[in-house]
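Novice: Have a look at the structure that comes next, please.
The values are calculated or read from the model by the stated rules, or taken from the named source; none is laboratory data. Just so it is clear, the model here is predicted, and its values are computed rather than measured. No Cβ is skipped: glycine too gets one built from the backbone with ideal geometry, and neighbour counts run over all protein chains shown. All accessible areas refer to the heavy atoms of the entire protein, side chains included, with ligands and DNA or RNA removed. Shrake-Rupley method; radii C 1.70, N 1.55, O 1.52, S 1.80 Å.
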Amino acid sequence: MTAGEKPLLLPLTCKTCGQELSGGAEAFIYVCLGCGEATHMSVPDYAYRLLYVRPSPAFKGTAIFAPFWRIVGRATLTVEADKKRSAYQHVRPLGPLFFAAFWNPKAVYYDNLTLRFAQCPEKIEFDKRSDPVLAGIRDPKVLPEMARLTWLAYLDRFSDVTGVDLQFQPERLDYCAVPFFKQGSFYSDGVLGIQLPPGFFAGSGLKS
Amino acid sequence: MTSPRALNCPLCGGTVSPPLSSRRMECRYCGKPLFYRGEEFLPRYFLASKLDEAALHQACRALFKSHYVPQDMARRALLLQKRRTYIPFYLLTGKRGGVIAAGRERVVERHNPLDRIEASLAVEHGPMQAGQGWRLEKPEIVTEEDSRVVLGDFQYLYPACTLENLDVPDLDLRETILEHLSDASPVYLVDLVRSGDVLDADIPLERIVEKGVASNQRTGELAVLEMQTVLLYVPLLTLTFRYGRHVFSVTLEEVGGAWVAGHLPFRRDLAFMLGLGLVSLLGFFVGRLGNALFTYPWLAGPAATREMDLKFMELLFLTAGLVMAVIVPAGLSAAWALVRAPYRVRLVRGGPRVEAAGPIPQSPLAPLNAFLKWFFKAFFDLYVQRESGS
């Protein structure tokens, strides 16, 4: 290995506390459950805050924590036509956006969750926990563009976005563990209770 | 892209081999967990077999009950070998997004200020007739600017190794895999190797990405935002049987439980019965025709009628002879082919299909066929000559 090359082997130990990082066999994101930090192995020197979403008391049983990226940012809208401006005036701004960080062969499953969570940010509270989290793989570098398109798609529901320029400036990015509960033969999220289709956790080794 | 032969542990400096089955590994000297981040590494998933021994037994029994295979197959076939092979597929999933500028067509009906007057006149004097000079404006189709925001998934599945040698239908297999994608689980290569042969992914991923993903991308507007590539292993079970002097293999995909490839011996008695049936039918047909010709009432009629009918009779016999000359040898040859052709049963997705395993041997009736052909041709030529002469 020359001086400029990145090392191919990285120690899976926390840089702060020295504890072993946890993650699945196929994970690209490893977490230190002691410090509450997550590291994407493409940038091993940077740690994201690990947040646990508090399950609603309505749900009983053991929660499975699935990893999501939570992106908070400022969306700036430039609209040329007055008519459109007035159409967007009463649109309720989206809250933090949650994008699944785990691999799923049918990624469309979690689009619904992203929007639903963003529409009721007040219902999402955090908790102090150290439960294991399913393996995460998604690289966060793509998230600002996905957040921008999610915002645009949301605005398009109110009025056509032709001539609309939207900039999304990310302000904070956290690694979030969202609780899911098995209810009968399906899973539902532990915050809003959205029922998930079969196969949501395909790839994580969990059967749904 | 080549993977390094050896790596050094960043903690103790010990030499470790590049990982084969998972990015996560342990240094064999210091025992610390390590992460391998080489780009050539792909996560591995697999679809587990859904067939237990009882289900497999039932699938074999159902296969041997086919009408085309010997009826005692289920009883006499002896299982020689059972071999599982894991076939790798590239599964490329990800997000593609962008804003598409799409025109929206709208029908616009322009209201002429005179319309109201026309309407009131129509009420008073009845509707105006064509050609009276009032102009009717046609509705106009206006294309308006419209944008569509797309943030959607893409999913491609391609074989990661050459399937031609395995004689496995690629498209059928892909369909089955896509149906059962929800059952994919992460797997270590070492665990797969324990339960079967694992084929190497010998088709370069770059080629798949270039031909599959990039070529399917709509120009300019929709960008691939992210893409995850995994290797997905699908189990195929090859069973080798012996039946009499035949040794044959059949392949079952263990995810959907369908037979996908292989050959079975053909049921000879079925071919023989069909051939026999065909010959009997021909015999019956010839007999009935001959009987009809020779016992027709005109033969017993008055001499004048007989003379008049003789011409017709001659023509009738000639036609019947020609038809026979074509049908009888063809029928006998078909019966021969049924009995002697090296048929076999091929397994395809839709069920067993009968096909010829090799060239059909020449029928012993071939010289007779040639003679008949020559004879009738000569007879026909003679007849034509005589007719034209008279």
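Novice: Determine the shape class of chain A: with a ≥ b ≥ c the square roots of the Cα gyration tensor eigenvalues, call it rounded for a/c under 1.5, and otherwise prolate if a/b is greater than b/c, oblate otherwise.
Specialist: Because a/c hits 1.5 or more and a/b fails to exceed b/c, chain A counts as oblate.
Novice: Calculate one ³J(HN,Hα) per residue across region B:363-372 by plugging θ = phi - 60° into the Karplus curve 6.51 cos²θ - 1.76 cosθ + 1.60, and present them in order as whole Hz with x for glycine and proline.
Specialist: Per residue, the Karplus-derived 3J(HN,Hα) values read 5, x, 7, 4, x, 5, 4, 5, 5, 4 Hz.
Novice: Whole-Hz Karplus ³J(HN,Hα) for region A:87-93, in order, using 6.51 cos²θ - 1.76 cosθ + 1.60 and θ = phi - 60°, x for Gly and Pro?
Specialist: These are the phi-based 3J(HN,Hα) values: 5, 8, 4, 9, 6, 6, x Hz.
Novice: Quick one: pull the percent of accessible area on region A:1-132 belonging to carbon and sulfur, 1.4 Å probe, ligands and nucleic acids left out.
Specialist: Heavy-atom surface of region A:1-132 belonging to carbon and sulfur, 1.4 Å probe: 52 percent.
Novice: Related question: Taking the Cβ of residue A:124 as the centre, find all other residues whose Cβ is under 11 Å away and add up their charges (Lys, Arg: +1; Asp, Glu: -1).
Specialist: Numbers: positive: A:54, A:70, A:116, A:123; negative: A:122, A:125, A:127, A:189.
Spelling it out: positives minus negatives among the neighbours equals 0.
Novice: How would the protein assembly as shown be classified by its alpha-carbon gyration tensor: rounded, prolate or oblate, with rounded meaning a/c under 1.5 and the a/b versus b/c comparison settling the rest?
Specialist: It is oblate, given that a/c is not under 1.5 and a/b is not larger than b/c.
Novice: Moving on. For peptide B:223-230, how many partner chain Cβ atoms fall within 10 Å of a residue's Cβ, on average?
Specialist: Average per residue, whole number: 4.
Novice: If you don't mind, another one. Below 8 Å between Cα atoms, with a sequence gap of 6+, how large is the relative contact order for chain A in percent?
Specialist: Working: 383 pairs, mean separation 61.3, N = 208.
The value is 29 percent.
Novice: Residue B:32's amide H: which non-local residues (gap 5+, or another chain) put their own amide H closer than 5 Å, with H modeled 1.01 Å from N in plane and none for Pro or chain starts?
Specialist: It is B:27, by chain and number.
Novice: Here's a follow-up. Across chain A, where is the longest run that never hits chymotrypsin sites (Phe, Trp or Tyr not before Pro) in a DSSP loop with at most 15 other C-beta atoms within 10 Å?
Specialist: Working: sites that count: A:46, A:158.
Looking at chain A, A:47-157 is the longest stretch - no exposed chymotrypsin sites (Phe, Trp or Tyr not before Pro) with at most 15 other Cβ atoms within 10 Å.
Novice: List the residues, sorted by chain then number, that are 5 or more residues from residue B:354 or on another chain and whose placed amide H is less than 5 Å from its amide H.
Specialist: B:346
Novice: Continuing with this model, one more query. Within 10 Å of each Cβ of B:38-44, how many other protein chain Cβ atoms are there on average?
Specialist: Mean number of neighbouring Cβ atoms from other chains: 2.
Novice: Got the relative contact order for region B:1-89 handy, in percent, Cα pairs under 8 Å and 6 or more residues apart? Don't jump to the answer; show the numbers that get you there.
Specialist: Details: 66 pairs, mean separation 13.6, N = 89.
That works out to 15 percent.
Novice: What accessible area, summed over both chains, is buried at the A-B interface (1.4 Å probe, Å², nearest 100)? If you can, show how the numbers build up before the last one.
Specialist: Details: alone 11610 and 25370 Å², together 33040 Å².
About 3900 Å² of accessible surface is lost on pairing.
Novice: Follow-up question, since we're still on this one. Anything over 32 Å Cα to Cα? Flag those among A:84/B:138; A:182/B:95; A:6/B:50; A:182/B:50; A:141/B:211, in the order listed.
Specialist: A:6/B:50
Novice: Here's a follow-up. Which far-off residues, 5 or more places away or on another chain, put their amide H under 5 Å from the one on residue B:228, with H placed in the peptide plane?
Specialist: Excluding prolines and chain starts, which carry no amide H, the hits are B:93, B:94.
Novice: Probe of 1.4 angstrom, ligands and nucleic acids ignored: what's the accessible area per residue over region A:152-197, in square angstrom?
Specialist: For region A:152-197, the per-residue accessible area is 41 Å².
Novice: Oh, and also: Please give the residues of region B:314-358, grouped as numeric ranges, whose backbone N is less than 11 Å from a label point set 7 Å along the Cα-to-Cβ vector of residue B:376.
Specialist: B:318-331
Novice: Tell me, which longest segment in chain A has none of the GluC sites (Glu not before Pro) that fall in DSSP loops with at most 13 further Cβ atoms within 10 Å?
Specialist: Free of exposed loop sites, the longest segment is A:126-208.
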